[in-house]
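Inspection log for the structure reproduced underneath, given as structure tokens.
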Amino acid sequence: MSVLFLLVTALFGDRLHRWTARRPSGASALMAASFLAAGVFLVLYWDVRILAARGLIWYPLAPWAM
């Protein structure tokens, strides 16, 4: 997530700043989308991992993680 943030900042920093300064609701929309994306990732990743650790579902593991 931090690498993605740095990449977006480096590529679209000035343009994003102008957009959020012109439309203050844009900053809240951007934050809402970011929180939703991070929340969906965390729920899907960790819930699936917990179910797999209990043997309820199959989850692919790297050979070195076993």
What angle, in degrees between 0 and 90 and rounded to the nearest 10, separates the Cα long axis of helix 2-22 from the longest principal axis of the Cα atoms of the chain?
30
Go ahead and estimate [θ] at 222 nm for the chain from helices alone: -39,500 (n - 2.57) per DSSP H run with n ≥ 4, summed, over the residue count, rounded to 500.
-27500 deg cm²/dmol
Cα axis of helix 24-53 to longest principal axis of the chain: angle in degrees, 0 to 90, nearest 10?
10
For the chain, I need the span (max minus min coordinate) of the C-alpha atoms along each principal axis, in Å, sorted largest to smallest.
51, 23, 11
The chain: which trypsin sites (Lys or Arg not before Pro) are DSSP loop and have at most 13 other beta-carbon atoms within 10 angstrom?
54
Pull out the extension gain between residue 65 and residue 36, defined as 0.36 nm times the separation in residues minus the alpha carbon to alpha carbon distance; nm, one decimal.
7.5 nm
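Read-outs throughout are calculated quantities, based only on the coordinates presented, and are distinct from any laboratory measurement. Because the structure is a prediction, the values reported are computed rather than measured. We place every Cβ from the backbone using ideal geometry, glycine too, and count neighbours over all the protein chains shown.
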